[in-house]
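Computed from the coordinates by the stated procedures, all read-outs in this text should not be read as laboratory data. None of the values given here were measured: they were computed from a predicted structure. So basically every Cβ, Gly included, is an ideal-geometry build from the backbone, and we count neighbours across all protein chains shown.
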Amino acid sequence: MLTGKPKETFEAFYDAVRQNDILPAKTTYLLHLATAMAVGCVPCMEYYLKQQEQEGISAEELSTVQAIVMAVSSGRVNAQFREAETKLRRG
């Protein structure tokens, strides 16, 4: 558990990323949620899903983000499998 200066530093970094002046707030939220899905962080997904209504995110938008993460993840799994097959053939 972070405490003291490391905690303060992380929280400042997180706040700067989350409340940036570059991307719209909704886009930033969806990127955070998609990243949580991609890395498999259940507590993060729960945290962001609790904010769905306040961020104005529809069920259809959530479904689309989920589908995108699933599609990218399936590409990763396919590439990993091909890599394993290639190594086995060379081995």
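Neighbour counts of other Cβ atoms within 10 Å put Ile22, Ile68, Ile57 in the fewest-to-most order Ile22, Ile68, Ile57. Taking 0.36 nm per residue of sequence separation and removing the Cα-Cα distance, the Thr9/Ser74 pair yields an extension gain of 19.9 nm.
Taking every full run of DSSP H in the chain, the ones that stretch at least 18 Å from end to end by Cα along their long axis and average 0.5 or higher on the Kyte-Doolittle scale are 25-39. When the chain is treated as a Gaussian network with alpha carbon springs shorter than 10 Å, the biggest mean-square fluctuation among Ala16, Ala36, Ala71 belongs to Ala16. Think of it as helices only: each DSSP H run of n ≥ 4 in the chain is worth -39500 (n - 2.57), and spread over all residues that comes to -26500 deg cm²/dmol at 222 nm. In this entry, the chain is assigned a mean projected area of 8.8 nm², taken as a quarter of its C-alpha convex hull surface. Listed by Cβ neighbour count within 10 Å, with the fewest neighbours leading, Met37, Met70, Met45 appear as Met70, Met45, Met37. Computed extension length for Leu31-Ser58: 8.2 nm, one decimal, from 0.36 nm per residue of separation with the Cα-Cα distance subtracted.
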